[in-house]
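No lab work stands behind these numbers, since they all come straight from the coordinates. Computed from a prediction, not measured in an experiment: that's the story for all the values here. All Cβ positions, even for glycine, are placed from backbone atoms using ideal geometry, and neighbour counts span all protein chains on display.
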Amino acid sequence: MLKGRIKIKEKYYVRLAVVVVFFVIIGIVYANVLRNNSTIKEIEVDIDYDGKDTLVTSKSIEKLVEADVPNFRNFSADEMNRTDIENIVKKNPFIADVNVSIGISGKLHIEAEQRIPIVRVVQKNKEFYLDNNGYYMPISSVRNQRVIMASGYINGGITDSLHLHGKDTVNNDIYKVYMLANYLINDVKLKDMFDQIYVCKNKDIELVPKIGNHVVVLGNLENIDEKFENLFAVYSKGLMSLGWDAYRKINLKFKNQVVCTKN
């Protein structure tokens, strides 16, 4: 008798589950039909700034879409090509990634991610940012980003889709600047230590610290871990007792030695 009741309950729950699944499917299909037939009514733009300063606004993204597709409000969701909209938004050099979706109510929702600038490059008569993936970014008209600055005799350029990777890394000073800036921001002790990267005429790379009246000569980027270990040894054993203005130059370019020039 008990087994019979259990079997009846099992059949009941199976039938209930089938009914629930059926109506869920019907609901999804109906929602998709509504969405595809609805006319685009408005744009909503959300930008992820990752806690950084605002370099591009939601309004500017809206204007970019409206300029390229002025009659987008006449499209149904089914007619609107989301990939085309994503490609339009990606034309903005401050945008790293974008995802476009369309709601049941006809709202075109754009989720964008702002690029993260890590260094400001001053090269002859032009200035620009490089982001954490080596992409070119123009100077923003909205706000200047507080990042390390690179200047001096900086040769090279960005020609491959405004992207550094894959370029001539031996002769491209901009690539070296990017690699050094990326190294600095990913080190807890180094990321807030320096104000400027300077490329000398002989191609030695120097760093200007925020504290003290000295420059740090790296030379090239070889053995960079060892060079910064030597720098921290000088700071802890020398400058902490002598004072931050004891030297005007700390030269780390030579292997297994540090040459300090006094003020």
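The table below gives the values:
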| item | result |
| --- | --- |
| Contour excess over end-to-end distance, with Cα ends at Gln257 and Ser76 and 0.36 nm allotted per residue | 58.2 nm |
| Stretchable slack from Tyr49 to Arg248, in nm (0.36 nm times residue separation minus alpha-carbon distance) | 67.8 nm |
| Inter-site label distance for Val142 and Thr83 at 7 Å from Cα along Cβ, in nm | 2.8 |
| Overall form of the stretch 42-114 per C-alpha gyration tensor (a/c, 1.5; a/b vs b/c) | prolate |
| Loop sites in the stretch 50-133: GluC sites (Glu not before Pro), DSSP, at most 12 other Cβ within 10 Å | Glu79 |
| Additional length obtainable on full extension of the chain from Lys203 to Asn186, 0.36 nm per residue less Cα span | 3.7 nm |
